[in-house]
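Presented below is the structure to which this report refers.
Every read-out reported here was derived from the displayed coordinates using simple, explicitly stated rules and does not represent laboratory data. For clarity, every value in this text was computed on a predicted model and none was experimentally measured.
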Amino acid sequence: FTVKTSRGLPFTPVCRPAFGAVKIGFGETMAKTIDLAQIFPLGEMGNFSVYGVVRLPGQTSDGFISNRLIFNINTSRPYWSQKVGLPGKPGQSREFRVLNFTGGKKTMLYSQVVNLKTGAAMQTHSLGEYMSFSKPSVTLDNRQVMHVLYLIGPETWSHARVGPDGSLLGTKLHKSGGGLNPQLFTMRDGSVQVGNSIPYDPKAEAEARGKVRKASDRPAFIFQ
């Protein structure tokens, strides 16, 4: 990958990435996600461009060049943060952050974990759009996993979990149960669970609706 500033100056990678070789069958496609912030020093605001180069085995130059994409980096507002030490790892500590960014008509939520020894962000993930009139809930469990519960629809909440290395461990959807909004509860053993909720699977709900027969589906003959 090549990343350039708006003035056309290329960035020097902070590491030597190894993407590895892939085999793509005839007529097949492949998608792969690359975190550019782990390769280039993208810590400042501004407008940038990026393009990728794919080389065939044996090629050391040239190759297939992708379209050039323009992107920008803006600041976000810190919504929540907490500094913690890592159990069993003396001298190592992390800062967990939840960031709020408003761009256009959307309000986005991001998770970020910072290595306090180096001051560098280890990983930053978009948690998606959320409804800002309901404040997100954030807490850490006894395994130093950050839990974020936030409203993404009129009756739907998302529960995201972020590990101490910044990785996104997964998200689950919930709906309110018993007339109360879902909440994060810390149990006696230090684990964190979502209460006042009903787990929600939109795919399963759509399949269930598809199985409901309509009046028009009844057979033409009816026994009396």
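Highest GNM mean-square fluctuation among T29, T118, T107, for the chain modelled with Cα contacts below 10 Å: T29. Counting only alpha carbon atoms, the long axis of helix 202-211 and the longest principal axis of the chain meet at about 40°. Stretched out straight at 0.36 nm per residue, the stretch from Q82 to M131 would grow longer than its current Cα-Cα span by 15.3 nm.
Calculated from the structure at hand, Cα extents along the principal axes in Å is found among (i) 64, 32, 30; (ii) 79, 52, 38; (iii) 49, 45, 29 as (ii).
How many percent of Cα pairs in segment 38-80 exceed 16 Å? Result: 58 percent of Cα pairs exceed 16 Å. Largest GNM mean-square fluctuation among K211, K106, K135, using the chain with Cα springs under 10 Å: K211. By the equivalent-ellipsoid construction on the alpha carbon gyration tensor, segment 1-92 comes out with semi-axes of 31, 21, 14 Å, ordered largest to smallest. Per q in 0.16, 0.24, 0.26 1/Å, what log10 I(q)/I(0) does a Debye calculation on the alpha-carbon atoms of segment 81-136 return? Evaluating at q = 0.16, 0.24, 0.26 Å⁻¹ gives log10 I(q)/I(0) of -0.56, -0.91, -0.99. Here segment 121-140 and segment 64-103 have alpha carbon centers that stand 11 Å from each other.
The aspartates and glutamates whose alpha-carbon is closer than 18 Å to the alpha-carbon of K89, local same-chain residues fewer than 8 away aside, are D141, D165. Cα to Cα, under 17 Å, and not fewer than 8 places away if on the same chain: which lysines meet these conditions relative to K83? The qualifying lysines are K117. Under 14 Å of direct C-alpha separation, and excluding same-chain neighbours fewer than eight residues apart, K105 reaches these aspartates and glutamates: E129.
Springs between Cα atoms under 10 Å define the GNM used for the chain, and in it the highest mean-square fluctuation of R68, R16, R161 occurs at R16.
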